[in-house]
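These notes concern the structure reproduced below.
The values are calculated or read from the model by the stated rules, or taken from the named source; none is laboratory data. The model shown is predicted, which means the values in this text are computed figures rather than measured ones. For neighbour counting, all protein chains shown are included, and Cβ atoms are generated from backbone atoms with ideal geometry for every residue, glycine included.
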Amino acid sequence: MHKILVVDDDPDLRLVAETCLSEAGYQTVTAADGDSGLRLARSERPHLILVDLMMPGTHGFAVIQEVRRDLSLRGMRIIVASAKAYPADIRKAKELGADDYIVKPYDPKELLEKIRAALGPDAADIYIKFWGTRGSIPTPGRWMLRYGGDTSCVEVRCGERLLMIDCGSGARRMGLSLAREFAGRELDLHLFVSHTHWDHIHGFPFFTPAYLPTSQITVYSLHGADKSLEKVFTGQMDASYFPVSLSDLPSRLQFVELKEDVGLGEVRISHFQLNHPGLAVAFCIEFGGKRVVYMADHEPYWRLTGDNEQNRRRDHEIDDFARGADVYIREAQYTDEEYSVKRGWGHSTWKDALNSAQQAAVKQLLLYHHDPMHDDDSMDGIVAQCRSFMNEHGMSFKFLAAYDGLELRL
């Protein structure tokens with residue numbers, strides 16, 4: 001049963017909303033002002049908040065902003081119910097994070113339709129946040145402010161299920177965020193590692209939840225070429241390199257070497273091997289009828305060993321793995337000019353990413369794993385070239401270059 005919090009200073013309107021929602025099968029809680037509404041949002045964790053704008057103390061606009069800032073309230077839906085019918089107020093509420101707006105007095109049927117739309121299959125079942133989008137090595141500095149300098153780390157939430165893809169230096173900030181959100185509570189995290197090259201695991205020793213006894217962390221990846229997955233993680237925290245050993249961590253760690261799909265309740269995670277020195281895989285996360293594909297560190301077969309039937313088949317298999325993805329996170333480290341001198345290093349060009357997205361008929365492509373030499377101006381130039389290339393070749397999928405801090409909701 002979905003729980004709905006009604007925040008309104010008018011007792012008659014609270015009663016109308018509560019009666020309407022209860023009769024429709026929703027569990028309801030109510031608050032008479034913004035401050036008590038925020039307290040109830042944190043303690044009751046409703047699926048949706050129906051909030052007025054004009055209230056004493058903390059008004060509705062401030063409630064919306066606070067809910068969207070509070071990581072513990074992530075994914076909560078917000079509908080504004082207000083007598084203010086000005087387009088400017090409606091626009092501002094949605095800019096601040098409201099999912100919908102209804103003008104009072106409203107028809108209860110209209111309210112229920114808006115609530116069902118917000119909570120239904122089109123609601124944000126999947127939440128994605130990029131904590132690190134850089135490849136190879138962290139790149140701090142004023143030249144990297146807009147796209148960021150942390151290496152590979154992506155948070156994915158499927159309903160209440162918490163996933164993490166790769167554990168580059170972006171894992172430090174993600175860990176601090178999770179520690180604040182889950183302070184004093186159990187954290188169950190599933191970490192999927194595409195491969196164990198340095199830039200995809202070197203954030204783990206600085207990942208705060210690993211130092212908390214309330215954390216259960218399950219790490220998934222392939223068995224290494226010459227050692228187990230657990231030994232790889234143990235090795236990077238050897239006393240020669242780091243003052244804390246893996247065995248000293250108070251969190252509950254489990255290592256799972258991938259051989260088949262992983263099922264986590266309603267979430268399914270599949271993997272596919274990529275063309276990169278050593279062992280590397282792409283991941284496909286499926287939940288609620290949506291698909292997120294993550295493909296870091298891949299060099300097209302035709303580029304490396306020539307355009308022949310066997311390589312075309314292998315490249316088509318890569319595209320098939322991403323087929324129809326709602327979000328395709330794809331490594332695109334090089335320009336054509338850079339690739340000409342870095343052939344065999346295991347990476348793609350931005351043209352490879354665009355062509356793969358087109359062949360796979362994805363809905364949205366996000367360029368990822370940016371080269372450490374590509375500062376903000378360089379990235380802006382690549383984005384402009386991508387858009388021009390897409391226009392020239394009739395590519396209509398959504399496109400964006402991922403950056404540290406980018407959030408998506410599906």
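The set of residues in the range 119-137 being hydrophobic (A, V, I, L, M, F, W, C), at pLDDT 90 or above and in a strand (DSSP E or B) consists of 128, 130, 131. Scoring residue 158 on the criteria (1) within 22 Å of residue 71 (Cα to Cα); (2) surrounded by fewer than 20 Cβ atoms within 10 Å (Cβ to Cβ) leaves a single failure, condition (2). The residue that is surrounded by the fewest Cβ atoms within 10 Å (Cβ to Cβ), among those in the range 250-296 that are of a type in the set (Phe, Trp, Tyr) and under 30 Å from residue 344 (Cα atoms), is 272. Scanning the range 41-54 for residues that are of a type in the set (Asp, Glu) and buried (at least 24 other Cβ atoms within 10 Å of the Cβ) turns up just one, 52.
Can you pull out the residues in the range 234-245 that are within 26 Å of residue 260 (Cα to Cα) and either in contact with a helix residue (DSSP H, G or I) (Cβ under 6 Å, 6 or more places away or on another chain) or of a type in the set (Asp, Glu) (or both)?
Here is the first cut: in the range 234-245, the residues within 26 Å of residue 260 (Cα to Cα) are 234-235.
The one that is within 26 Å of residue 260 (Cα to Cα) and either in contact with a helix residue (DSSP H, G or I) (Cβ under 6 Å, 6 or more places away or on another chain) or of a type in the set (Asp, Glu) (or both): 234.
For the range 294-314, the candidate set comprises residues that are touching an Asp or Glu at 6+ places or on another chain (Cβ under 9 Å) and in a helix (DSSP H, G or I); within that set, the residue that is nearest to residue 197 (Cα to Cα) is 301. The condition of being surrounded by fewer than 16 Cβ atoms within 10 Å (Cβ to Cβ) and over 24 Å from residue 185 (Cα atoms) holds for only one of 33, 12, that being 12. Only one of the numbered conditions (1) touching a strand residue (DSSP E or B) at 6+ places or on another chain (Cβ under 9 Å); (2) more than 21 Å from residue 386 (Cβ to Cβ) is not met by residue 325, and that is (2).
Can you tell me which residue among 49, 90 is closer than 20 Å to residue 27 by Cβ and β-branched (Val, Ile, Thr)?
Details: 90 fails: closer than 20 Å to residue 27 by Cβ.
Sole residue among the options that is closer than 20 Å to residue 27 by Cβ and β-branched (Val, Ile, Thr): 49.
Residue count for the range 30-52, restricted to those that are more than 30 Å from the chain's Cα centre (by Cα) and aliphatic (A, V, I, L, M): 2. All of 331, 338 fail the test of being touching an Asp or Glu at 6+ places or on another chain (Cβ under 8 Å) and surrounded by fewer than 20 Cβ atoms within 10 Å (Cβ to Cβ), apart from 338.
Name the residues in the range 55-75 that are free of Cβ contacts under 8 Å to residues at least 40 places away in the same chain, surrounded by fewer than 21 Cβ atoms within 10 Å (Cβ to Cβ) and closer than 16 Å to residue 36 by Cβ, would you? Answer for the range 55-75, where residues must be free of Cβ contacts under 8 Å to residues at least 40 places away in the same chain, surrounded by fewer than 21 Cβ atoms within 10 Å (Cβ to Cβ) and closer than 16 Å to residue 36 by Cβ: 57, 58, 59, 62, 66, 70, 73.
Would you be able to say whether some residue in the range 102-113 is touching a helix residue (DSSP H, G or I) at 6+ places or on another chain (Cβ under 9 Å), assigned by TED's automatic domain parsing to the domain that holds residue 44, surrounded by fewer than 20 Cβ atoms within 10 Å (Cβ to Cβ) and among the β-branched types (Val, Ile, Thr)? Yes, some residue in the range 102-113 is touching a helix residue (DSSP H, G or I) at 6+ places or on another chain (Cβ under 9 Å), assigned by TED's automatic domain parsing to the domain that holds residue 44, surrounded by fewer than 20 Cβ atoms within 10 Å (Cβ to Cβ) and among the β-branched types (Val, Ile, Thr).
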